[in-house]
Amino acid sequence: GASHAIFRRATFNRDIATGLVPVSDEFATVGASDTWSVRHAPPERPEPRCYILKPETCLPEVWEKVQEGAVVVRDWFVVDDKAEEEVVFGEL
């Protein structure tokens with residue numbers, strides 16, 4: 001199985017990923033030895049989503065629409081909370 005293949009590759013000095021490249025003490029990669037000094041800006045926070053099984057995730061006005069049945073829900077998330085009068089239909 002897979003564990004035996006990994007064992008054989010390690011025992012016979014082959015790279016673990018493919019088993020095709022012979023490895024020795026000279027086998028190395030280039031780059032920093034660690035990345036603790038590398039800093040990046042955190043990603044932007046995603047827009048909040050209303051999960052109807054957890055009402056505290058919803059804005060109060062959206063939760064009111066959920067209770068009124070005036071929203072579109074898909075996979076337990078509100079996907080469209082526009083009132084019917086706000087919906088604009090394009091031409092076909």
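Which one of these is at pLDDT below 90 and among the hydrophobic types (A, V, I, L, M, F, W, C): Val73, Val78, Val87? I'd like the intermediate steps shown before the answer.
Details: Val73 fails: at pLDDT below 90; Val78 fails: at pLDDT below 90.
After ruling out the rest, the residue left standing is Val87.
Consider the stretch 1-54. How many of its residues are in contact (Cβ under 8 Å) with a residue 24 or more places away in the chain and either hydrophobic (A, V, I, L, M, F, W, C) or in contact with a Pro (Cβ under 7 Å, 6 or more places away or on another chain) (or both)?
Here is the first cut: in the stretch 1-54, the ones in contact (Cβ under 8 Å) with a residue 24 or more places away in the chain are 49-52.
Okay, now just the ones that are also either hydrophobic (A, V, I, L, M, F, W, C) or in contact with a Pro (Cβ under 7 Å, 6 or more places away or on another chain) (or both), so 50, 52.
Summing the residues that are in contact (Cβ under 8 Å) with a residue 24 or more places away in the chain and either hydrophobic (A, V, I, L, M, F, W, C) or in contact with a Pro (Cβ under 7 Å, 6 or more places away or on another chain) (or both) in the stretch 1-54 gives 2.
What number of residues within the stretch 1-53 satisfy the criterion of being part of a loop (DSSP other than H, G, I, E, B) and either in contact with a Phe, Trp or Tyr (Cβ under 8 Å, 6 or more places away or on another chain) or surrounded by 10 or more Cβ atoms within 10 Å (Cβ to Cβ) (or both)? Break it down into steps so the answer makes sense when it comes.
Within the stretch 1-53, the first condition is being part of a loop (DSSP other than H, G, I, E, B), and the residues that meet it are 1, 12-13, 15-21, 23-50, 52-53.
Filter once more, keeping what is either in contact with a Phe, Trp or Tyr (Cβ under 8 Å, 6 or more places away or on another chain) or surrounded by 10 or more Cβ atoms within 10 Å (Cβ to Cβ) (or both): 12-13, 15-16, 19, 21, 23, 27, 48-50, 52-53.
Matching residues across the stretch 1-53 total 13.
Does at least one position in the stretch 35-51 carry a residue that is modelled with pLDDT under 85 and of a type outside the set (D, E, K, R)? Give the derivation first.
So in the stretch 35-51, the residues modelled with pLDDT under 85 come out as none.
Among the residues of the stretch 35-51, not one is modelled with pLDDT under 85 and of a type outside the set (D, E, K, R), which makes the answer no.
The values are calculated or read from the model by the stated rules, or taken from the named source; none is laboratory data. Every value quoted in this text rests on a predicted model; they were computed, and no experiment measured them. Cβ coordinates were reconstructed from backbone atoms using ideal geometry, including for glycine residues, and neighbour counts include every protein chain displayed.
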